[in-house]
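Inspection log for the structure reproduced underneath, given as structure tokens.
The values are calculated or read from the model by the stated rules, or taken from the named source; none is laboratory data. This is a predicted model, so every value here is computed, not measured. So basically every Cβ, Gly included, is an ideal-geometry build from the backbone, and we count neighbours across all protein chains shown.
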């Protein structure tokens, strides 16, 4: 990339105008990525949206049926339940993850011993596959905890959370938060480390205690990081799939079936066009959330 400076004289004023010219070689490097993105993501997406207006089952003959699939999606109680669960689960998990991650970040940026080693330990869950984590916790919830409840005589612990249609979502929130906290923690640590130490020294001189420093200085100064973590986390949890499959597989019944699970199950069950309409609606929801993210983070220099 080259920069060209032009000097323009207007009356008694001399104005310098700089223009950047992009070298053609940069477009050449961009071409492979653009081609792969188009073939692997854009083109399949466009084809899928096209077939959402048909009665296709994924193979064989098909015909157009207009908005029939979309109308059916909005009146399907199973799909509406999956959206309700997905949004409720996402909101609950975002709250848990951000509270835990923020408190851990405050502790891991304070003057404690072995904080570097502790940061490494807390980041470990982020690098483990979600399905592996789910199977490990499935064993704990289904076998270890009920056995411990029976041995200690605690009645509510003897029954697995995963078998309770009213509480299975709690187990999913716990496991998802366990994996998601490290990523959020790293962002909060970066935010806390960016706060100048002189601010806290001045607050201490003015008589502010640790609690007042946390609520009146730390939280306002890292508000941008909070917004980013909430929005990115919510968008990520909307796509929940592997942990739910490993823990409950959408059960008991369909009480913990997410939108992603519903779509994939429909693809495998011959409802290709119908679930493609559902996927298109879900895509539009994700776009709206992305636009919300851009509007809320515009002008923030948090990262």
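A few comments on the model shown:
- The stretch 99-114, subset outside any loop (DSSP other than H, G, I, E, B) and in contact (Cβ under 8 Å) with a residue 12 or more places away in the chain, residue farthest from residue 230 (Cα to Cα): 108
- Check on residue 105, modelled with pLDDT under 95, in contact with a helix residue (DSSP H, G or I) (Cβ under 7 Å, 6 or more places away or on another chain) and within 19 Å of residue 235 (Cβ to Cβ): no
- Answer residue from the stretch 248-266, given it is free of Cβ contacts under 8 Å to residues at least 60 places away in the same chain and touching a helix residue (DSSP H, G or I) at 6+ places or on another chain (Cβ under 6 Å) and is farthest from residue 134 (Cα to Cα) among those: 266
- Per the listing 82, 56, the residue uniquely under 23 Å from residue 166 (Cβ atoms) and in contact (Cβ under 8 Å) with a residue 40 or more places away in the chain is 82.
- As a summary of the residue check, residue 172 satisfies the conditions (1) in a helix (DSSP H, G or I); (2) over 30 Å from residue 247 (Cα atoms); (3) in contact (Cβ under 8 Å) with a residue 12 or more places away in the chain except for the one numbered (2).
- Residue in the stretch 221-237 that is over 17 Å from the mean Cα position of the chain (by Cα) and under 20 Å from residue 181 (Cβ atoms) present: yes
- Residues located in the stretch 255-293, provided they are more than 21 Å from residue 69 (Cα to Cα) and part of a loop (DSSP other than H, G, I, E, B): 255, 256
- For the stretch 146-158, the criterion of a residue being surrounded by 17 or more Cβ atoms within 10 Å (Cβ to Cβ), more than 23 Å from the chain's Cα centre (by Cα), modelled with pLDDT of 85 or more and part of a loop (DSSP other than H, G, I, E, B) is satisfied by no position.
- Taking (1) buried (at least 16 other Cβ atoms within 10 Å of the Cβ); (2) touching a residue at least 40 places away in the same chain (Cβ under 8 Å); (3) touching a helix residue (DSSP H, G or I) at 6+ places or on another chain (Cβ under 7 Å); (4) assigned to a helix (DSSP H, G or I) in turn, residue 296 satisfies each apart from (1).
- Boolean, residue 245 is assigned to a helix (DSSP H, G or I), free of Cβ contacts under 8 Å to residues at least 60 places away in the same chain and under 19 Å from residue 85 (Cα atoms): no
- Residue under evaluation residue 233, criteria (1) surrounded by fewer than 16 Cβ atoms within 10 Å (Cβ to Cβ); (2) under 16 Å from residue 173 (Cα atoms), criterion not met: (1)
- Test: residue in the stretch 67-79 that is in contact with a strand residue (DSSP E or B) (Cβ under 9 Å, 6 or more places away or on another chain), at pLDDT 90 or above and surrounded by 15 or more Cβ atoms within 10 Å (Cβ to Cβ): yes
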